[in-house]
Amino acid sequence: MEKLFHYVWKHRLFPLKDFVTTDGRRIEVVDVGLLNSDAGPDFFNAKVRIDGQLWVGNVELHMRSSLWKQHGHDTDAAYNNVILHVVNDVDTENVYNAKGEKVPQIELPIPERIRTNYEHLLTEDRYPRCYRLIPHVAPEMLSDWLAYLYIERLERKANDILARLDECKGSWEDVFFRTLARNFGFGLNADAFEQWAKSFPLHAVDHHRDDLFQIEAVFFGQAGLLNADAAREKQRAAMEADEYFQRLLAEYRYLAKKFTLTPINAQLWRFLRLRPPGFPTIRLSQLAQLHYNRTAGMSNLLACNTVRDVEKALATHATPYWQTHFLFGEESEKSIKSLSKTSIEIIIINTIVPLFYAYGRFRHDKQMRDKAFTMMEKVKPERNNIVELWRECGLEVNNACDSQALIQLKKDYCDRKDCLRCRIGYQYLRVDEKDL
């Protein structure tokens, strides 16, 4: 509750009236001050009138007045400039600073409605917890809040990309490849794909970029998927009997020796809970074809101005062998296994737009950053459980900016029960139960 108490003071969610100190002096709160996130008093540079005289200094808040002494403020010189002690409950009439001076103290109980609403937000099982309020919130406020959340999420993704730029020693091509690879994991295999992309220098593949078979050999070899010994007995036998597997293995051994390559652990890959078209084998094949096509290089993508341009650049499909297989040695009905439009949109959301934005930020190129925003506004919103639950509450989700904002809201606010940082939470604290 102390966090809520600080929030009530910061946002002046208390009755706007004069207070009386525990020793009978009249107090008028002029300015609550600035929240201090470091050691020392809770709020700096507050302004209060005590019996008509203006005081400027710091304010300390406690749920109980006895905590002043329990926390050692009565012997800490850092609290000598506290001009007001604000407490939810007075259990000690007077408190003193290290100089022995009495500190003005007022009782300010958390308003019952705010306390009740806050407890409801913390204990509500349904998601989103504030679902009853959504139909009553001004659309303009929701729109502004979603815009803020989207920028917050985009900035985080841009920071991740710029961190990769340091790892890649300034090579944007390598940054793009690692970012694209991670997002080809589509969540479940994201970490494995990123580790895979880090396991070999991109230039090792570029030396053989005109040969799709050699690209596949490096991609599958570095993924650890050409190690038949790691497979189950039945699958190992099928792999060893597969001519294409044997050819890839022989080629990989040659290239691995040439470029001193070490594969990642094949156990990192997740196949369970995936439909076969989403198997890592198929995604690696699609990536190999995409790399061979040369349409999705960094320079080509930066030249794209529309979503349609990017979709064309990212269009890819499985290589010939994988059009009739999902696993080595196990033949299946032939299908092209193209990267679906939905998958391409997810890559635009998680790879291309953040890359444009990060590149624009790095180069101080406002036009590139603006292109990132414009492109995102043209992409359809993601379809997932988070977005659908907010839609059921009556929230309009118009594009990918909105769906990304809602993902940010859930992960960084709702999941942490950090309703006090949320603008919707702010509205919820103040609402009267009968108005919902």
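Scanning the range 81-119 for residues that are under 41 Å from the mean Cα position of the chain (by Cα) and free of Cβ contacts under 8 Å to residues at least 24 places away in the same chain yields a count of 3. Considering every residue within the range 216-239, establish whether at least one is assigned to a helix (DSSP H, G or I), among the polar types (S, T, N, Q) and more than 18 Å from Pro320 (Cβ to Cβ). Yes, the range 216-239 contains at least one residue that is assigned to a helix (DSSP H, G or I), among the polar types (S, T, N, Q) and more than 18 Å from Pro320 (Cβ to Cβ). The residue of the range 256-272 that is farthest from Gln235 (Cα to Cα), among those that are in contact (Cβ under 8 Å) with a residue 60 or more places away in the chain and open to solvent by 90 Å² or more (accessible area, probe 1.4 Å), is Thr262.
In this entry, Thr75 passes the filter for residues that are over 25 Å from Gln427 (Cα atoms), without any contact (Cβ under 8 Å) to a residue 24 or more places away in the chain, β-branched (Val, Ile, Thr) and open to solvent by 20 Å² or more (accessible area, probe 1.4 Å).
From the residues in the range 195-215 that are in a loop (DSSP other than H, G, I, E, B) and within 18 Å of Ser285 (Cα to Cα), which one is least open to solvent (accessible area, probe 1.4 Å)? It comes out as Phe200.
For the range 301-339, a residue qualifies if it is open to solvent by 30 Å² or more (accessible area, probe 1.4 Å) and part of a strand (DSSP E or B), and the qualifying residues are Phe326, Leu327, Glu330, Glu331. Inside the range 14-39, residues that are open to solvent by 20 Å² or more (accessible area, probe 1.4 Å) and either in a loop (DSSP other than H, G, I, E, B) or in contact (Cβ under 8 Å) with a residue 60 or more places away in the chain (or both) make up a count of 13.
Note on the range 121-132: among residues that are open to solvent by 10 Å² or more (accessible area, probe 1.4 Å) and in contact (Cβ under 8 Å) with a residue 24 or more places away in the chain, the one that is farthest from Lys411 (Cα to Cα) is Arg132.
To keep it simple, each residue is scored yes or no on (1) under 19 Å from the mean Cα position of the chain (by Cα); (2) outside any helix (DSSP H, G or I); (3) at pLDDT below 95; (4) surrounded by fewer than 20 Cβ atoms within 10 Å (Cβ to Cβ).
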{"position": "Ile349", "(1), (2), (3), (4)": "yes, no, no, no"}
{"position": "His364", "(1), (2), (3), (4)": "no, yes, no, yes"}
{"position": "Met375", "(1), (2), (3), (4)": "no, no, no, no"}
{"position": "Glu396", "(1), (2), (3), (4)": "no, yes, yes, yes"}
{"position": "Leu406", "(1), (2), (3), (4)": "yes, no, no, no"}
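On inspection, Ile151 passes the criterion of being at pLDDT 95 or above, open to solvent by 50 Å² or more (accessible area, probe 1.4 Å) and among the β-branched types (Val, Ile, Thr). Of the residues Val87, Val103, Val56, the single one that is within 30 Å of Leu122 (Cβ to Cβ) and either surrounded by 13 or more Cβ atoms within 10 Å (Cβ to Cβ) or of a type in the set (Gly, Ala, Ser) (or both) is Val87.
Scanning the range 177-189 for residues that are of a type outside the set (Lys, Arg) and either open to solvent by 10 Å² or more (accessible area, probe 1.4 Å) or in a loop (DSSP other than H, G, I, E, B) (or both) yields Phe177, Asn183, Gly185, Phe186, Gly187, Leu188, Asn189.
Has the range 79-89 got at least one residue that is modelled with pLDDT of 95 or more, part of a helix (DSSP H, G or I) and not β-branched (Val, Ile, Thr)? Within the range 79-89 (the criterion being modelled with pLDDT of 95 or more, part of a helix (DSSP H, G or I) and not β-branched (Val, Ile, Thr)), the answer is yes, since at least one residue qualifies.
The values are calculated or read from the model by the stated rules, or taken from the named source; none is laboratory data. As the structure is a prediction and not an experimental result, all values here were calculated from the model. Please note: Cβ atoms are built from the backbone with ideal geometry, for glycine as well, and neighbour counts cover all protein chains shown. What goes into the accessible areas is simple: the full protein's heavy atoms, side chains included, and nothing from ligands, DNA or RNA. Shrake-Rupley method; radii C 1.70, N 1.55, O 1.52, S 1.80 Å.
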